[in-house]
Amino acid sequence: MKKISEQTKNFLLYGIEDVIKPKEIYKLDGAILFILFLFFFLSEAAPSPAFSKIFLVIVYLGFVILSFSRTEVTGKKVFWIYGIQSLTFSILLCWAGTILMLTTLKEEYYKKYLAILAIIYVLLIAAYIFLIITLIKRDIYNPPSSKKLAGGWCITSFVLLGMGAAKALSSKVEYTAMIRIASLCFYFCSLLCILGVFNLVKYFAVKKWEV
């Protein structure tokens, strides 16, 4: 590594010592295939069912091809695998949330909704980037503590989601509201997965600056 600060170097190299065995990738291939099978039923509610099914197949094949490995994955390629996995889940969850939300809207509002959704995703990604840069510059980023903090936030988030879902199910919420709640849950998980997509940034950064 060269021409970068020690803090940035530590951030980029965090996790590079991980090892991913081929069977772990294959198991995830199977898990995503199962999710895709379920999403095929959901695609029937999409504005264009045929296009949605083709899209799902392309995403899955792309994931399998880009993450395939016959040997153990080590070094900077670990970031590539994590990044591709996170990107795939983020895309699939965003797609599911969007399809569910569109079923509750009139067709004339589709374009406006998709435009707003794209803006929200761009703004949140920009916020993620700003947060990461700020943590690195202030030397707040500490791998062990950050990992514990991230785990804590994930557990807290899922507990809050569970409590919200339980409250919604226990109350007399109308069908449309329930669909929208499910859609928002998909979006929330999709946005969490985007944090993992930053591994792709780490992969290309390490590849560029490695000696």
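The values are calculated or read from the model by the stated rules, or taken from the named source; none is laboratory data. What you see is a predicted model; the values in this text were computed from it and never measured. No Cβ is skipped: glycine too gets one built from the backbone with ideal geometry, and neighbour counts run over all protein chains shown.
Worth pointing out:
- Some residue of region 30-44 being closer than 30 Å to VAL73 by Cα, out of contact with any strand residue (DSSP E or B) (no Cβ under 9 Å at 6 or more places or on another chain) and in contact (Cβ under 8 Å) with a residue 60 or more places away in the chain: yes
- Taking the conditions (1) of a type outside the set (Gly, Ala, Ser); (2) touching a helix residue (DSSP H, G or I) at 6+ places or on another chain (Cβ under 6 Å); (3) free of Cβ contacts under 8 Å to residues at least 12 places away in the same chain in turn, ILE65 satisfies each one other than (2).
- Condition check for LYS9: out of contact with any Asp or Glu (no Cβ under 6 Å at 6 or more places or on another chain), of a type in the set (Lys, Arg), in a helix (DSSP H, G or I) and modelled with pLDDT under 90: yes
- Some residue of region 136-150 being polar (S, T, N, Q) and either at pLDDT below 55 or buried (at least 16 other Cβ atoms within 10 Å of the Cβ) (or both): yes
- So ALA50, is it without any contact (Cβ under 8 Å) to a residue 40 or more places away in the chain and over 21 Å from the mean Cα position of the chain (by Cα): yes
- In this structure, ILE65 does not qualify as surrounded by 14 or more Cβ atoms within 10 Å (Cβ to Cβ), part of a helix (DSSP H, G or I) and at pLDDT 85 or above.
- Filter pass, LEU42 being surrounded by 14 or more Cβ atoms within 10 Å (Cβ to Cβ), more than 20 Å from GLY196 (Cα to Cα) and at pLDDT 90 or above: no
- Among residues of region 97-112, those that are in contact (Cβ under 8 Å) with a residue 12 or more places away in the chain, under 16 Å from SER48 (Cβ atoms), surrounded by 10 or more Cβ atoms within 10 Å (Cβ to Cβ) and not polar (S, T, N, Q), counted: 5
- Of all the numbered requirements in (1) assigned to a helix (DSSP H, G or I); (2) among the polar types (S, T, N, Q); (3) within 29 Å of LYS21 (Cβ to Cβ), THR134 misses one, and that requirement is (3).
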